[in-house]
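A short worksheet on the structure shown next.
The values are calculated or read from the model by the stated rules, or taken from the named source; none is laboratory data. Computed from a predicted model, the values in this text were never measured in an experiment. Cβ placement follows ideal geometry from the backbone for every residue including glycine, while neighbour counts extend to all protein chains displayed.
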Amino acid sequence: MSTPTASEGARNPWQERGDRGYPRAFVETVWTALHSPRAFFAATSGSQGLRGPLLFGVTAGILAQILELLLVVPLVILLSRLFELPLPATPGLEIGWLDLSALPNWILPFLGCQAILLLVPLIVVAYVVLFFVTSGLTHLALRLLGGLHDSTEGFSGTFAVACYTTAAFPAQMIPVLGDLSFIIQVVILQVTGLQIVHGTSRGKALLATLGPAGLLLAAFVAALLQAAGAGSS
C-alpha cells in the first residue's frame, strides 16, 4: 500500500495549531489520527522538533486522567452498587486516607478533579519520561532490525509517532475494557506511524513496537515480584 502524499489530503492539524488555535487543533488531531492514520502520519515530520508532539502527548494524557476520574470511576461505582457487584480495586478510588467509594457519587467528580490538579506536575513528568524511554527503545529496536535505512526522520520521527499515539485516549473512557482497547489502538497507531514516517515494513514496525513494550512489562513484573518477596520476608 502506497504512502499518502500531501496532494491526497495528508494533514496534521497539530502542526498548524498556531493558525487554528490550540483547542481546535487538538480535537482535529485526535479525529484525524483515529480516522485517517495513514494520511495523518504522512503529514507528520520529525523536523518539526520534539516540543510540539510532546505538548500534544502530555495534554492528551492529562485529559485522559481527568475524564477517567470524572466519568469512568463514578460510573463503575454506580453500576457496582446498582447490580450489587463487588467494587473493583482501583487506585483511583483512594486519595491518601480518603476512600472515595464510601462517598456519595455526586461528590466524586469534584474530588477527582482536585486530585488530578494537585498531581498534574507529577503526571507531566511521568509522561515526559515515558515518551522518551519508549521512543528511545523503539528507535533502537528499529535500528537493530534495519528499519531505518530509508528514513530521514531520525529519533524525532519516532518520538513524534509515540506522542501522537495518545490520540487513542478516548478509548480509556470505555468502562472495564477501556485500558485494553486503548493499548490495542496505541499499538495500531504506532505501527502505522513508524511504517509511514520511517518508510519501513509493517513487520519491523510491529517488532519494534512490541519488543520494548515486552521489556517494560517484564521489568514491571520483576519489580512487583521483588517487592512481594521483600514484603513476605
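Structure data summary
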{"item": "Residues of region 148-182 that turn out to be of a type in the set (Ser, Thr, Tyr), within 20 Å of residue 31 (Cβ to Cβ) and surrounded by fewer than 23 Cβ atoms within 10 Å (Cβ to Cβ), as a count", "result": "1"}
{"item": "Residue list for region 183-205, restricted to those being in a helix (DSSP H, G or I), surrounded by fewer than 20 Cβ atoms within 10 Å (Cβ to Cβ) and small (Gly, Ala, Ser)", "result": "203"}
{"item": "Near pairs, Cβ below 6 angstrom, 6+ apart or cross-chain, from region 199-217 (of a type in the set (Lys, Arg)) to any residue that is surrounded by fewer than 20 Cβ atoms within 10 Å (Cβ to Cβ)", "result": "204/145"}
{"item": "Selected residue [at pLDDT 85 or above and crowded, with 16+ Cβ neighbours inside 10 Å] from 21, 57", "result": "57"}
